[in-house]
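Worksheet: the structure to be examined is printed underneath.
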């Protein structure tokens, strides 16, 4: 079975939140999942490694980074776009 971007992102977020992937819904925020700023940075590193991409995220100015971390769904969309852009 080939995992989708969505499944991989949820697995990474679940690991940071100390949850099982089935407990995560795409409409949840990282805050709701109990992921703090350090967990966010670790998740970003894991995403970069998993997909071999560079995520345009600056932990010091997250609102200005251009990488939407509003919810699990926005993270999935942003990563999918980076993956798609890389394959072109």
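The values are calculated or read from the model by the stated rules, or taken from the named source; none is laboratory data. Since this is a predicted model, take the numbers as computed values, not measurements. Here the Cβ is made from the backbone with ideal geometry for all residues, glycine too, and neighbour counts use every protein chain on show.
Considering the stretch 63-76, and only residues there that are in contact with a helix residue (DSSP H, G or I) (Cβ under 9 Å, 6 or more places away or on another chain) and without any contact (Cβ under 8 Å) to a residue 12 or more places away in the chain, the residue that is farthest from residue 9 (Cα to Cα) turns out to be 66.
Counting only residues that are assigned to a helix (DSSP H, G or I), modelled with pLDDT of 95 or more and more than 13 Å from the chain's Cα centre (by Cα), the stretch 22-73 holds 2 of them. Can you work out which of the residues in the stretch 77-87 that are in contact (Cβ under 8 Å) with a residue 60 or more places away in the chain and under 12 Å from the mean Cα position of the chain (by Cα) is surrounded by the fewest Cβ atoms within 10 Å (Cβ to Cβ)? Among those that are in contact (Cβ under 8 Å) with a residue 60 or more places away in the chain and under 12 Å from the mean Cα position of the chain (by Cα), it is 80. Among the residues of the stretch 8-21, those that are in contact with a helix residue (DSSP H, G or I) (Cβ under 9 Å, 6 or more places away or on another chain) and either modelled with pLDDT under 95 or farther than 16 Å from residue 78 by Cβ (or both) comprise 11, 14, 15, 16, 17, 19, 20, 21.
Is it the case that the stretch 43-56 has a residue that's more than 18 Å from residue 78 (Cα to Cα) and surrounded by fewer than 16 Cβ atoms within 10 Å (Cβ to Cβ)? No, there is no match, as no residue in the stretch 43-56 is more than 18 Å from residue 78 (Cα to Cα) and surrounded by fewer than 16 Cβ atoms within 10 Å (Cβ to Cβ).
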